1. Conditions first: (1) within 23 Å of Arg121 (Cα to Cα); (2) at pLDDT 95 or above; (3) touching an Asp or Glu at 6+ places or on another chain (Cβ under 8 Å). Leu48 passes all but one, so which condition is the exception?
2. Of all the residues that make up the range 112-133, how many are outside any strand (DSSP E or B), open to solvent by 30 Å² or more (accessible area, probe 1.4 Å) and either aromatic (Phe, Trp, Tyr) or in contact (Cβ under 8 Å) with a residue 60 or more places away in the chain (or both)?
3. Which ones in the range 40-59 are assigned to a helix (DSSP H, G or I) and in contact with a strand residue (DSSP E or B) (Cβ under 7 Å, 6 or more places away or on another chain)?
4. Determine, yes or no, whether Lys19 is out of contact with any Lys or Arg (no Cβ under 9 Å at 6 or more places or on another chain) and not acidic (Asp, Glu).
5. Does Trp62 meet the test of being modelled with pLDDT of 90 or more, farther than 23 Å from Leu130 by Cα and surrounded by 13 or more Cβ atoms within 10 Å (Cβ to Cβ)?
6. Can you find a residue that is hydrophobic (A, V, I, L, M, F, W, C) and either within 20 Å of Leu8 (Cα to Cα) or buried (at least 17 other Cβ atoms within 10 Å of the Cβ) (or both) anywhere in the range 20-27?
7. Report whether or not Ser57 is without any contact (Cβ under 8 Å) to a residue 12 or more places away in the chain, surrounded by fewer than 12 Cβ atoms within 10 Å (Cβ to Cβ) and hydroxyl-bearing (Ser, Thr, Tyr).
8. Could you list, in sequence order, the residues of the range 87-107 that are part of a loop (DSSP other than H, G, I, E, B) and at pLDDT below 90?
Amino acid sequence: MTGVIRVLENHGASVYIDKKDPSLPPYVNKETAASLKSRIKQSRKFVLLATQNSKDSKWVPWELGVADGFKTLRNIALIPTVEDNHRDNWTDWEYLGLYDRIVWGKFKEKSKSEWMVWDKRENSAVALNLWLTR
């Protein structure tokens, strides 16, 4: 997770991680949900680190649903943590295919790879730093 945080921060993001928020209680309650909703609503972008273990979480789909309710699809992206993040079989949740992915790749007109936000449906991408500031 540290590497993902570094990538986002190096591209201009201010990263909030609920597990590292000392203001959240150690147990889940209504105040936890209200605080997370408020944080998600205040943020300009929502990035979900999607791991193989995410499917076992009860909070990950809830947080994504909250973000989806407050933001447009263009302001939500996933970082799939698998060997090949361009493949479709990286998750058991088919609805995650609705969202753009943050991937390491190369634009046709450039010689070097870089972090980008890839829209699979349109097969288009934008540089991560540009996406974060839009």
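1. (2)
2. The number of residues fulfilling the criteria is 2.
3. Ile40, the sole residue that qualifies.
4. yes
5. Values: modelled with pLDDT of 90 or more: yes; farther than 23 Å from Leu130 by Cα: yes; surrounded by 13 or more Cβ atoms within 10 Å (Cβ to Cβ): yes.
Yes; evaluated as a whole, the condition is true for this residue.
6. Step one: of the range 20-27, the residues hydrophobic (A, V, I, L, M, F, W, C) are 24.
Imposing the further condition that a residue be either within 20 Å of Leu8 (Cα to Cα) or buried (at least 17 other Cβ atoms within 10 Å of the Cβ) (or both) reduces the set to none.
Within the range 20-27 (the criterion being hydrophobic (A, V, I, L, M, F, W, C) and either within 20 Å of Leu8 (Cα to Cα) or buried (at least 17 other Cβ atoms within 10 Å of the Cβ) (or both)), the answer is no, since none of the residues qualifies.
7. Details: without any contact (Cβ under 8 Å) to a residue 12 or more places away in the chain: yes; surrounded by fewer than 12 Cβ atoms within 10 Å (Cβ to Cβ): yes; hydroxyl-bearing (Ser, Thr, Tyr): yes.
Yes: the conditions hold for Ser57.
8. Start the filter on the range 87-107 by keeping residues that are part of a loop (DSSP other than H, G, I, E, B), which leaves 87-93, 99, 106-107.
Selection gives Arg87, Asp88, Asn89, Trp90, Thr91, Asp92, Trp93.
The values are calculated or read from the model by the stated rules, or taken from the named source; none is laboratory data. Source: prediction; values computed, not measured. Ideal geometry is used to build each Cβ from the backbone, glycine not excepted, and the neighbour counts take in all protein chains shown. All accessible areas refer to the heavy atoms of the entire protein, side chains included, with ligands and DNA or RNA removed. Shrake-Rupley method; radii C 1.70, N 1.55, O 1.52, S 1.80 Å.
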